[in-house]
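**Q** Would you mind keeping the following structure in view while I ask a few things?
Just so you know, all these numbers are worked out from the coordinates, no wet-lab data involved. Computed from a predicted model, the values in this text were never measured in an experiment. Virtual Cβ from ideal backbone geometry, glycine too; neighbours counted across all protein chains shown.
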Amino acid sequence: MSADEQVDVVDENDCVVQRTTRREVRAHNLRHRGVYILVFNSAGQLLVHQRTPTKDIFPAYWDVSIGGVVAAGEIYDDAARRELAEEIGFNAVPLRRLFPVRYEDAATRVCGMVYSCTCDDQPQLQAAEIAAAEWADFDVVLERAQHQQFCPDGLEVLRRYLSKLEAALKAQVGGDG
């Protein structure tokens, strides 16, 4: 998405309040929509990638999710499919819609939707967006996040995903006894 592309600015309830450029959204830290896709392989490893140094936010940081800004008028599901195809060349991979997420810090304010998918294809990295990518186990990702720069919104998404996974496992174990 270029700096001049149109983006919907939303309120805390994810209702559109205006439309402006991505450049303005970044310059004034306006709340906007985003998608986050946790990409797994069949071995349960997570695809982590390093953003290019030219990214407008968190340049050269590592990230645990594929995704990005939802274009003006675009719905979350379409944006997730678009981002997955654009960033890593995964077309027609079934997405699982997981949960909405709200994230705010000094650099970004997002109303987002989190997805996951499983695919064993080799990612075809979009050179303008992704410098490197690799499959990693959760423990490796969490250890690396202690000493490397990772996108904080992506880590928050992963934290919430793991929390929901833990709760589901506890419920399943509790229901068996």
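**Q** Using a Gaussian network model of the chain whose springs link C-alpha atoms within less than 10 Å, name the residue from Asp153, Asp121, Asp77 with the highest mean-square fluctuation.
**A** In this elastic network of the chain, the residue with the biggest mean-square fluctuation among Asp153, Asp121, Asp77 is Asp121.
**Q** Suppose every Lys and Arg Cβ carries +1 and every Asp and Glu Cβ carries -1, with no other charges. What dipole size does the range 1-152 come out with about its Cα centre, to the nearest 20 debye?
**A** The dipole magnitude comes to about 240 debye.
**Q** Give the Rg (one decimal place) followed by the Dmax (whole number) of the chain, computed from C-alpha coordinates and expressed in Å.
**A** In order Rg, Dmax, the Cα atoms of the chain give 16.2, 57 Å.
**Q** Taking R0 as 41 Å, what's the FRET efficiency between Ala43 and Gln6 from their Cβ-Cβ distance, rounded to 0.05?
**A** Once rounded, the FRET efficiency stands at 0.55.
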